[in-house]
Protein chains: 2
Amino acid sequence: MIDYRHLRVALLGAGAVGSQVAALLLKHGEELADRAGASLELAGIAVRDLDAPRDTDLPRELFTTDADSLIVGADIVIELMGGIEPARTRVLQAINSGADVVTANKALLATHGPEIFDAADQVGAQVYYEAAAAGAIPIIRPLRDSLAGDRVQRIMGIVNGTTNYILDRMDTEGADFADVLAQAQALGYAEADPTADVEGYDAAQKAAILASLAFHTAVPLESVHREGITEITTSMMDAARHAGYVIKLLAVCERLTGHEPSASGEAISVRVYPALVPRTHPLASVHGANNAVFVEAEAAGSLMFYGAGAGGVQTASAVLGDVVSAARRHVAGGVGVGESTRANLPVLEIGHAVTRYQITLEVDDRPGVLAIIATILSEGRVSIATVEQTVIADDGEAGARARLVIGTHKAREQDLSDTVARLAESDVVETVVSVLRVEGN
Amino acid sequence: MIDYRHLRVALLGAGAVGSQVAALLLKHGEELADRAGASLELAGIAVRDLDAPRDTDLPRELFTTDADSLIVGADIVIELMGGIEPARTRVLQAINSGADVVTANKALLATHGPEIFDAADQVGAQVYYEAAAAGAIPIIRPLRDSLAGDRVQRIMGIVNGTTNYILDRMDTEGADFADVLAQAQALGYAEADPTADVEGYDAAQKAAILASLAFHTAVPLESVHREGITEITTSMMDAARHAGYVIKLLAVCERLTGHEPSASGEAISVRVYPALVPRTHPLASVHGANNAVFVEAEAAGSLMFYGAGAGGVQTASAVLGDVVSAARRHVAGGVGVGESTRANLPVLEIGHAVTRYQITLEVDDRPGVLAIIATILSEGRVSIATVEQTVIADDGEAGARARLVIGTHKAREQDLSDTVARLAESDVVETVVSVLRVEGN
């Protein structure tokens, strides 16, 4: 037996992830000690209600409602309470009492990251959050450490399992959004209130965390453009398939050049929206509730990280990896590595984003219509790459109509939305059926 | 301007990777300083011959043949000479003079890893080697840190770009091995002497490094079973395609249970060979010279890491990430984290590996033959999962023959090879056409 240094670990929260973390800490304690170079004692689990029903065999005596005392004596505090408060207060309390913090709390980091990282910096503590960005997928260390000598140009991530599950089933089964959502809720893949997932709030929090790390810039959650998937219809899915695409909810974090007011002319764009992804792109084959993060870096080229984006035991793996890292740091000594926000690039509004689009219109089917539409696009600085026209049966009242699917070259989002507004007002356009971004070419 | 601590970086070697590392260090110096919290001065580049032709604009005054003096004054030594000696001597010299070492040298780590890690441990130095296992793909930190709280069960990696390029072209174009190899050599994807790649030596070195890390066990290179791809024929490729597989050169690192003499009953198997991979498996869609590492862990489930496995600038990205990590450690203080080999599991011979197989035979086409073959398999403890029989045209001399493709359930390699030997001796078997392992189900 090696006489390891002894570290006290406090766990805050005993939900799906927390109970798995506790179980694995107890089960694999000796193995973790060997790897960490320190024995890890689970000192206690702070919960709100001792008598709440729990789906776990954890020893009752570990549970306490006295988070204060638990934190004071701890070397490592694992925060798995979720939400902003009291999680924020507890994390700051842990840092100020000299502990390292491990958290999976994306909402907290996306909203109070700078405050927390500053507090840690002040005392030389470290905050670990591998589980906060894409569940079990190791993405934080690759971005922070492995790519620290490179320049990340773009991240495209499928970072929300619920929406990927829904979109994947809509795509493969032709089912509609409401039906699949109901099934996902029944299976436990979606919450009773699915807003955070289907409206893209969860993905936006993760995008803010990934962009902050990749671009060495504090990215406020408010600066992340966010659209959900509630308006994706089966006919949009069919049209996408027909054109060789699949619709995915993407978190896109991008470095842009030629923008004031940054000294380097560089800026970043961070946005979450459903987008058309070519079927040949690696992200297109991410099925079910899986997540994947595609990274393009100047030197490394294209990298992809794939795995389970959620789940109690999967996320517990990422949390425990952080616990071992924290323990190793306690053993090795030295201060923590602070978050780097030195680049501090401006985060541009969505209007500055540049991407390709697919615009679907219903138009009058008569000579000259395409010329009128092409003129509107060209005046709006939106260049046409492809046009596909299908005649729609004459319903007698509205006259002959056609469906136009226009693929554009890269255009500025502001130009595009102004142009779409002009199209909508045009006499020859019956309906703007859909406008979708195209990513991954 | 921040007055950063100043760190001297010595570069050993100015080949494809080394010259890119030097160029990026000079180009992005300020940005790297911000991230590292220390300014990184490229103190010099040690080469054998100052006058060797170099495809680079690096300042001539950086080059020196005096590696000794360069190492003595360095905080961080980057070893990109390749090969065992003098790389080994230089790395030990760097460690003993108090520097941290960054290396991409898989041959060195796979053969002298324990000696080097021990030396580093003695003085509290750290050895970084993200570039040694899968080029630009971040896999070392995920295995060492992110998964440190989990138990890796299996790694399946496409870790050699040259062989994946060759196999991919054989698969997609029906071309044969020799032609594709010649083209790969002309394009610079394969060396003039391709032995290290096509015979699996390079992949075996990487497998040893990955397995050591994943299973906390010193894995000697000699214990890695190795087979190359030189015997893969177009007809094997065709048959694989027909059966829904693709042939990939895989590095398989696996945890096995129920084996003496380890205390836990656990052991590992590390092997490199061409194997059949189902077309639906994520590894099947790794094309061209790309690499990917598929990891199965107890809690995290299935993860995949994908990207460029080689290339000067891509590998330079991984090297520079390590340089920044080393610099951060110098700033933060504390001793290095040693390699963990505490599990020290026995590495089993290939005979103990357990996998599925596809056996292709040419047999006499007459009643009772299948029964005889099935009996031989059953006596050999190899259980049949599928059989496909095709009649081969009677050539008049040998009589009617048939081709049998037998898919097995999981079997021990030793049982399988004994059984195949018995099949080869049997009167009813004309030829054992091929025996391939099936991985990824």
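The values are calculated or read from the model by the stated rules, or taken from the named source; none is laboratory data. Source: prediction; values computed, not measured. No Cβ is skipped: glycine too gets one built from the backbone with ideal geometry, and neighbour counts run over all protein chains shown. Just the protein is used for accessible areas: all its heavy atoms, side chains included, with ligands, DNA and RNA removed. Shrake-Rupley method; radii C 1.70, N 1.55, O 1.52, S 1.80 Å.
Structure summary
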read-out	value
Residue closest to axis [chain A; rotation mapping onto B; Cβ; Å]	A:Gly334, 1
Computed lengthening from A:Glu115 to A:Ala400, 0.36 nm per intervening residue step minus Cα-Cα distance	96.6 nm
Nearest 10 degrees, 0 to 90: helix B:312-332 Cα axis against chain B principal axis	50 degrees
Residue among B:Asn160, B:Val313, B:His6 farthest towards the positive dipole end of chain B, charges placed on Cβ	B:His6
For the range A:214-363, convex hull of alpha carbons as volume per residue, Å³	177 Å³
With DNA, RNA and ligands ignored, accessible area of A:Met237 (1.4 Å probe; Å², nearest 10)	0 Å²
Among B:Ala207, A:Ala374, B:Val438 the positive-end extreme of the charge dipole of the protein assembly as shown (Cβ point charges)	B:Ala207
Principal-axis tilt of helix A:16-27 within chain A, Cα atoms, nearest 10 degrees	40 degrees
Euclidean distance of C-alpha centroids, the range A:241-292 and the range A:318-362, integer Å	15 Å
All-pairs Cα distance distribution in the range A:8-108, expressed in whole percent, bin size 10 Å	16, 51, 30, 3
The range B:364-371 - phi-based ³J(HN,Hα) in whole Hz, Karplus 6.51/-1.76/1.60, Gly and Pro as x	4, 9, 8, x, x, 5, 4, 4
Members of the range B:14-62 that become less accessible by 10 Å² or more once partner protein chains are added (1.4 angstrom probe, chain alone as reference)	B:Leu24, B:Lys27, B:His28, B:Glu31, B:Leu32, B:Asp34, B:Arg35
Pairs of Cα atoms farther than 15 Å apart, the range B:142-238, %	64 percent
Listed residues A:Asp365, A:Asp197, A:Asp55, most fluctuating in chain A (Gaussian network, C-alpha, under 10 Å)	A:Asp55
Chain A: projected area of the alpha-carbon convex hull, averaged over directions, in nm²	23.7 nm²
For the pair A and B, total buried accessible area rounded to nearest 100 Å², probe 1.4 Å	4300 Å²
Inter-chain Cβ neighbour average for residues B:310-323, partner chain, 10 Å	5
Tilt relative to chain B, helix B:106-123 - C-alpha long axis, 0 to 90 degrees, to 10	40 degrees
Average accessible area per residue (Å²) across the range B:140-309 - probe 1.4 Å, nucleic acids and ligands excluded	32 Å²
Column: log10 I(q)/I(0), Debye, Cα scatterers of the range A:277-410, q = 0.12, 0.13, 0.19, 0.21 Å⁻¹	-0.84, -0.91, -1.23, -1.27
Nonlocal Lys pairs with alpha-carbon distance under 26 Å, chain B (8 or more apart, or different chains)	5
Rounded D (µm²/s) - the range B:140-309, Kirkwood Rh over Cα pairs, Stokes-Einstein at 25 °C, 0.890 mPa s	149 µm²/s
Percent accessible area from carbon and sulfur atoms, chain B, protein chains only, probe 1.4 Å	49 percent
Fluctuation leader among B:Ala308, B:Ala136, B:Ala52 - chain B, Gaussian network, Cα springs under 10 angstrom	B:Ala52
Equivalent ellipsoid semi-axes, the protein assembly as shown, via Cα gyration tensor eigenvalues times 5, rooted, Å	41, 40, 31
The range A:353-438 - accessible surface per residue (Å², probe 1.4 Å)	49 Å²
Structure-based [θ]222 nm, the protein assembly as shown - -39500 (n - 2.57) summed over DSSP H runs of at least 4, per residue, nearest 500	-10500 deg cm²/dmol
Residue among A:Pro367, A:Pro86, A:Pro194 with the largest mean-square fluctuation in a Gaussian network model of chain A, springs linking Cα atoms under 10 Å	A:Pro367
Stokes-Einstein translational diffusion, the range A:353-438 - Kirkwood Rh over all Cα pairs, 0.692 mPa s, 37 °C, in µm²/s	255 µm²/s
Stretchable slack from A:Asp193 to A:Gln389, in nm (0.36 nm times residue separation minus alpha-carbon distance)	66.6 nm
